[in-house]
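Report on one structure; see the data block that follows.
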Amino acid sequence: MGKLSRLGIFGLGTMGRNLALNFADNGVQISVFNREIEVVDELLKTISDTGKVSGFKNVSDFVFSLDKPRIVILLITAGKPVDEAIEQLLPYLEPGDIIVDSGNSYYKDTERRYEYLKSQGLRFVGLGISGGSEGARKGPALMPGGDFSAYKDLEDSLKLVAAKSHYGPCVEYMGNRSVGHFVKMVHNGIEYAIIGAISEVFYVMRNLMRMTHEEIADVFEEWNKKDFDSFLLRTASAVLKQVDEKTGKPYVDVILDLAEQKGTGLWFTQTALEIGVPAMSISASVNSRIISTYKELRRSVAEKRETISSSKVIESFETLRDALFFSSLIAHAEGLWLLTKASQIFNYGTDLEKVLKVWRKGSILESSLIDSILKHNLNFSNCLIEDGDFRAVLEKLLPSTMALSNLCRGAAIPIPVINSSIDFYLSVTSENLPANLVQGIRDWFGYHGFYRVDQPGTVFHFVKPESQSD
Ligand SMILES: NC(=O)C1=CN([C@@H]2O[C@H](COP(=O)(O)OP(=O)(O)OC[C@H]3O[C@@H](n4cnc5c(N)ncnc54)[C@H](OP(=O)(O)O)[C@@H]3O)[C@@H](O)[C@H]2O)C=CC1
Ligand SMILES: O=C(CO)[C@H](O)[C@H](O)COP(=O)(O)O
């Protein structure tokens, strides 16, 4: 047998292939395997110096090519494939070996797999990875959680391939059991809201301001240079500049307006509802994607709706920039709230500062906004909005955001993510909400009970006069 590899990558799709090349470039000896075996040869053909990469066409040879303790990184489609791959690996692994799941797995699956593999004497790490294909190739942000000793065995290799920010390598141990995938799910929830808000700003620029794609891309680039540097703004600008060769049209006009999702945004929203965190703008971004899938319905009813013309105009791009800034900050506040509450409930011990520093570079959330968030007090009990300085930043941006919202209402332009971020902020910062009437109505029809302001611990009911009984 030749030289043993430091680790193995199982799954050579978009992410696995690029991460494998990244490890090899950084001098880590690796083995690779893929279910469809031709893919292994395809990868090997693209590498001029194959000294660092060994390809295998069956699982046993792949596993036996690894140095002990063996480390196998799965980068495959989340869900059942991960369970299937684990079962294929188990016969060849030994106690103390390590399986790392780096796909976008649901944290409850990770929790289950962690316990299962522990019962088999194996160590399991749920490794959130962010940065898309380019990140995997040049330096991703990495969110490992699970068995700490396994993380320590992996740490040096992960630090070599991770992105490097001014805080250091973008990899930190996130905590025990399933937290790595929980943090990645939160990352993706925030990602959904920011992509949604950028797309809504684009929609306003196109439909209300009648700007061209090229002009919009230039404005995004300008904000990116001057105001806040962000991977998603840079990406939006690059996408808007693409021209379809076939039609000569801006590519975005050729792309069907039907937004798909693979699961993480939905899980974020479900989890937020389950544990009681009001992530309104992130939920709105998931709902926006869902509404978009009803293309035929939208087409058929849109024909019947009268167009509302608005004479009002947006006076400056700053209004739009502020609204995007506001929504992006709210998305982070909602995500960090979920992380904080989950950490309390699941005993994760999450350190928000570490999480934000990992996201600072290489991730889809890479942005200078993270530096400004890090300046605020992260030791809140629920939400970042508890910090007065953070509220002061939001208060400055709020008038523009509301102006944009009002204008869009007037022109019948839906901007649900931006609107929900306003509603989230206004609700969280309102001492009094109409929940008193909600309670009153619930009690009137269902004898559900309510608390009085002067006796908060005691449940009261209406005493209905006979004449008003149902
Ligand atoms: N693309 C992205 O930007 C990011 C993706 N991720 C996550 O990383 C994981 C991989 O994503 P990506 O590389 O984009 O996906 P791809 O669709 O490009 O690749 C999927 C990989 O999974 C393998 N696979 C699928 N089903 C099985 C199975 N039943 N048994 C064994 N192998 C299987 C495929 O093998 P085969 O070739 O044989 O079909 C292929 O290697 C996913 O969980 C994804 O959510 C995380 C961050 C970013
Ligand atoms: O994890 C990612 C980025 O961080 C993946 O690109 C993921 O696929 C994005 O989610 P979705 O496909 O649901 O938009």
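Only one of the listed residues (Ala150, Ala141) is within 14 Å of ligand 1 (Cβ to nearest atom), farther than 18 Å from Leu338 by Cβ and among the small types (Gly, Ala, Ser). That residue is Ala141. Within segment 379-396, residues that are on the phi < 0 side of the Ramachandran plot and without any contact (Cβ under 8 Å) to a residue 12 or more places away in the chain have Cβ atoms under 6 Å from residues that are surrounded by 13 or more Cβ atoms within 10 Å (Cβ to Cβ) and of a type outside the set (A, V, I, L, M, F, W, C) in these pairs: Asp387/His376, counting only partners at least 6 apart in sequence or on another chain. Within segment 43-66, being under 25 Å from Ile86 (Cβ atoms) and of a type outside the set (A, V, I, L, M, F, W, C) holds for Ser54, Gly55, Lys57, Asn58, Ser60, Asp61, Ser65.
Criterion first (crowded, with 19+ Cβ neighbours inside 10 Å, under 26 Å from Ala392 (Cβ atoms), without any contact (Cβ under 8 Å) to a residue 40 or more places away in the chain and among the aliphatic types (A, V, I, L, M)) does Leu356 satisfy it?
Against the criterion (crowded, with 19+ Cβ neighbours inside 10 Å, under 26 Å from Ala392 (Cβ atoms), without any contact (Cβ under 8 Å) to a residue 40 or more places away in the chain and among the aliphatic types (A, V, I, L, M)), Leu356 qualifies.
Against the test of being outside any helix (DSSP H, G or I) and aliphatic (A, V, I, L, M), the options Val438, Val459, Val417, Val393 yield a single qualifying residue, Val459.
Assess whether Glu191 counts as being more than 16 Å from ligand 2 (Cβ to nearest atom) and either closer than 28 Å to Ile275 by Cβ or surrounded by fewer than 19 Cβ atoms within 10 Å (Cβ to Cβ) (or both). It is false that Glu191 is more than 16 Å from ligand 2 (Cβ to nearest atom) and either closer than 28 Å to Ile275 by Cβ or surrounded by fewer than 19 Cβ atoms within 10 Å (Cβ to Cβ) (or both). Being closer than 15 Å to Gln120 by Cα, charged (D, E, K, R) and surrounded by fewer than 16 Cβ atoms within 10 Å (Cβ to Cβ) holds for only one residue in Asp83, Asp67, Asp49, and it is Asp83.
Restricting segment 177-206 to residues that are among the charged types (D, E, K, R) and away from ligand 1 (no atom under 16 Å from the Cβ) leaves a set whose member that is farthest from Ile282 (Cα to Cα) is Arg177. Answer yes or no: is there a residue in segment 170-182 that is free of Cβ contacts under 8 Å to residues at least 40 places away in the same chain and in a helix (DSSP H, G or I). Within segment 170-182, not a single residue is free of Cβ contacts under 8 Å to residues at least 40 places away in the same chain and in a helix (DSSP H, G or I).
Go through Thr235, Thr269, Thr293 for me and flag whichever is in the same structural domain as Ala403 (by TED's automatic domain parsing), touching a helix residue (DSSP H, G or I) at 6+ places or on another chain (Cβ under 6 Å) and of a type outside the set (A, V, I, L, M, F, W, C). Full working, then the answer.
Values: Thr235 fails: touching a helix residue (DSSP H, G or I) at 6+ places or on another chain (Cβ under 6 Å); Thr293 fails: touching a helix residue (DSSP H, G or I) at 6+ places or on another chain (Cβ under 6 Å).
The conditions single out Thr269.
Among the hydroxyl-bearing types (Ser, Thr, Tyr) and crowded, with 19+ Cβ neighbours inside 10 Å: does that describe Ser328? When the stated conditions are applied, Ser328 passes them. You will find that of Pro95, Pro140, Pro169, Pro91, the residue that is at pLDDT 95 or above and surrounded by 24 or more Cβ atoms within 10 Å (Cβ to Cβ) is Pro140 and no other.
Rundown of residues vs (1) more than 9 Å from ligand 1 (Cβ to nearest atom); (2) without any contact (Cβ under 8 Å) to a residue 12 or more places away in the chain, yes/no style:
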site	(1), (2)
Ile9	yes, no
Leu12	no, no
Asn18	no, no
Leu21	yes, no
Gly27	yes, no
Ser31	yes, no
Asn34	no, no
Val40	yes, no
Lys45	yes, yes
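Among the residues of segment 9-51, those identified as basic (Lys, Arg) and either at pLDDT 95 or above or part of a strand (DSSP E or B) (or both) are Arg17, Arg35.
The values are calculated or read from the model by the stated rules, or taken from the named source; none is laboratory data. As the structure is a computational prediction, the values presented were derived from the model and not from experiment. Neighbour counts run over all protein chains shown; Cβ positions are idealised from the backbone, glycine included.
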